[in-house]
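To start, the structure itself, in structure tokens.
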Amino acid sequence: MKIIILGAKGQLGREFEEYLKEKAEIHSFSHSELDVLNQELVIKKFQEIKPDVVINCSAYTKVDKAEEDKEECIRVNAEGAKNVSYASYKVGAKVIYFSTDYVFDGEKGSSYTELDSPNPLSTYGRSKLLGEIYIKDHNPNFLILRISWLYGIYGRNFVKTIINKAKKEKELRIVNDQIGSPTYTLDVVKQTWKLIQMDKVGLYHSANQGETTWYEFTKRIIEKLNLNVKIYPIKMEEYPVLAKRPKYSALDNYLLKLGGINMMGDWESALSEFLTSYSSLLIKGGTENE
């Protein structure tokens, strides 16, 4: 199987690259190596490689900056997604796109399934929803996976930030009234690979199961690593940000579970697995931004 990975330098792209390198013929491209906004170049490269699957991890993910840089966010997450989907269709490849829990407004009061109607509050959320629409419109052989509160070995993310801050600061103030589903990149990659092997098509939620707040999530990180830092819960309005976020955006992998193919475990087990791997990496001399 030939697989193209776009956005291969990001935390999810690098996880895919590492996991799939011995399972398929991988062609990886960073943003600088293949810009998804250059439709002509994307089509040309896909026609040269003739992939079976295109995994599009190329994304604009700076949620707050997107409010000041709306056009660029929408161009990358929507127009770029459209280019990739169309180019995949032209070579008969399945296209895979990663969306977000931020397509929801958080007003439901319980976890969201694939049957719930999106209503994004931010530019980032709107760009991802538009990307979903473009993906479907330009290639019927698509997989859209909504993921949430993503963290992993590679790149920058919340868990690494907390660990670094806890080593330098005596106190942390963390939001305790925003609820979601923290999700480990490796679990997303394994679930996606299973769907690829089964040749599944459609929209799925793919998050680690259960729900928590940023505060409780932080408490688990600190407890598991025995870090000496005090944590205080605060409200969302006490931590002002540019982009409005949903207060309750936990994802329920309803369709994966309905099909008996849900591989996403609970978020606490996933966190433990990650912290074991990450601690081992640091002991061996790895860097925190790998």
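The values are calculated or read from the model by the stated rules, or taken from the named source; none is laboratory data. Treat the numbers as computed from the prediction; the structure is a model and nothing was measured. Cβ: placed from backbone, ideal geometry, glycine included. Neighbour counts: every protein chain shown. Just so you know, the surface numbers come from the protein's heavy atoms only, side chains and all, with ligands and any DNA or RNA stripped out. Shrake-Rupley method; radii C 1.70, N 1.55, O 1.52, S 1.80 Å.
If you go through segment 204-244 and keep only what is open to solvent by 50 Å² or more (accessible area, probe 1.4 Å) and outside any helix (DSSP H, G or I), you end up with GLU211, ASN226, ASN228, LYS230, TYR232, PRO233, LYS235, TYR239, PRO240, VAL241, LEU242, LYS244.
Taking segment 101-129 as the region of interest, how many residues are part of a loop (DSSP other than H, G, I, E, B), charged (D, E, K, R) and touching a Leu at 6+ places or on another chain (Cβ under 9 Å)?
Step one: filter segment 101-129 for residues part of a loop (DSSP other than H, G, I, E, B), giving 104-111, 113-122.
If we keep only those that are charged (D, E, K, R) as well, we get 105, 107-108, 114, 116.
Now narrow it down to the ones that are touching a Leu at 6+ places or on another chain (Cβ under 9 Å): 105, 114.
Adding up the residues that qualify gives 2.
At pLDDT 95 or above, among the hydroxyl-bearing types (Ser, Thr, Tyr) and open to solvent by 20 Å² or more (accessible area, probe 1.4 Å): does that describe TYR124? In short, yes. In segment 157-179, the residues that are among the acidic types (Asp, Glu) form Cβ pairs under 7 Å with partners that are assigned to a loop (DSSP other than H, G, I, E, B) and open to solvent by 80 Å² or more (accessible area, probe 1.4 Å), at six or more places apart or across chains, as follows: ASP177/LYS235; ASP177/LYS247.
Within segment 112-135, can you find the residues that are among the small types (Gly, Ala, Ser) and either closer than 21 Å to LEU258 by Cα or touching a strand residue (DSSP E or B) at 6+ places or on another chain (Cβ under 8 Å) (or both)? Before the answer, list the steps.
Taking segment 112-135 first, the residues among the small types (Gly, Ala, Ser) are 117, 122, 125, 127, 131.
Correct list: SER117, GLY125, GLY131.
In segment 164-180, is there at least one residue being hydrophobic (A, V, I, L, M, F, W, C), open to solvent by 10 Å² or more (accessible area, probe 1.4 Å) and in contact with an Asp or Glu (Cβ under 6 Å, 6 or more places away or on another chain)? Yes, there is a match, as at least one residue in segment 164-180 is hydrophobic (A, V, I, L, M, F, W, C), open to solvent by 10 Å² or more (accessible area, probe 1.4 Å) and in contact with an Asp or Glu (Cβ under 6 Å, 6 or more places away or on another chain). Kindly indicate whether any position in segment 139-146 is touching a His at 6+ places or on another chain (Cβ under 8 Å) and of a type in the set (Lys, Arg). Within segment 139-146 (the criterion being touching a His at 6+ places or on another chain (Cβ under 8 Å) and of a type in the set (Lys, Arg)), the answer is yes, since at least one residue qualifies. The set of residues in segment 73-95 that are within 15 Å of ASP35 (Cα to Cα) and in contact (Cβ under 8 Å) with a residue 60 or more places away in the chain contains only VAL84.
In this entry, PHE142 is excluded by the filter for residues that are at pLDDT 95 or above and under 30 Å from LEU282 (Cα atoms).
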